[in-house]
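Here, each number is a calculation from the coordinates, and none is a lab measurement. Owing to the predicted nature of the structure, the values given are computational and were not obtained by experimental measurement. Cβ placement follows ideal geometry from the backbone for every residue including glycine, while neighbour counts extend to all protein chains displayed.
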């Protein structure tokens, strides 16, 4: 027969697991947004690689707003390296950079989903204990 102290500990543990799962779900949603952004960048790089100097492009500003721009250089792009610093890369190297970012995000997302599944199993186990009055 469980005592009240065990039940209280289990309820607190259950709450902690649920909070951790919520945080993981927030992180996964954020990663999904980043993945979408990198996929859009990859698509734009693909379009640039098919274009030539002087071609007119529609560049997204955000919120479904675009600007027409003429392409000055179709072989190189600028990539941010942090702290407001940019480096010039070929389109193919930029595509490779984006592919690595996507791969890294997918691996991290997979890990988070694995952790959330483990937590879900623990939540289910604790829920059963609490509902059946076991310790």
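Given (1) 55, 13, 9; (2) 50, 13, 11; (3) 26, 24, 15 as candidate values of semi-axes √(5λ) of the Cα gyration tensor in Å, which corresponds to the one derived from the coordinates?
The listed entry that was calculated here is (2).
What whole-number distance in Å separates the alpha-carbon centres of segment 27-43 and segment 69-135?
That distance is 8 Å.
Rounded to the nearest 0.05, what FRET efficiency do residue 43 and residue 120 have when you use their Cβ-Cβ distance and R0 = 30 Å?
About 0.30, to the nearest 0.05.
If you line up the long axis of helix 91-132 against the longest principal axis of the chain, both from Cα atoms, how many degrees apart are they, to the nearest 10?
10
Could you work out the relative contact order of the chain, using alpha carbon pairs under 8 angstrom and six or more residues apart, expressed as a whole percent?
It comes to 36 percent, rounded to a whole number.
With a 10 Å cut-off between alpha carbons and a GNM built on the chain, which of 68, 29, 39 moves the most?
Evaluated over the chain, the most mobile residue of the options is 68.
Using a Gaussian network model on the chain with a 10 Å cutoff between Cα atoms, which of 97, 30, 66 fluctuates the most?
With Cα springs under 10 Å in the chain, the top fluctuation among 97, 30, 66 is at 66.
What FRET efficiency comes out for residue 32 versus residue 12 if R0 is 41 angstrom and r is the Cβ-Cβ distance? Round to the nearest 0.05.
Using R0 = 41 Å, I get an efficiency of 0.85.
Using 0.36 nm per residue of separation minus the Cα-Cα distance, give me the extension gain between residue 106 and residue 51 in nm, one decimal.
16.9 nm
Helix-only mean residue ellipticity at 222 nm, the chain, DSSP H runs n ≥ 4 weighted -39,500 (n - 2.57), per residue, nearest 500. What is it?
-24500 deg cm²/dmol
So how much slack lies between residue 23 and residue 97, counting 0.36 nm per residue of separation and subtracting their Cα-Cα distance, in nm?
Residue separation times 0.36 nm, minus the Cα-Cα distance, leaves 23.8 nm.
How far is helix 4-50 tilted, in degrees, relative to the longest principal axis of the Cα atoms in the chain, given as a value from 0 to 90 rounded to the nearest 10?
10
What distance in nm separates the simple spin-label points at residue 65 and residue 90, each placed 7 Å from Cα in the Cβ direction?
3.7
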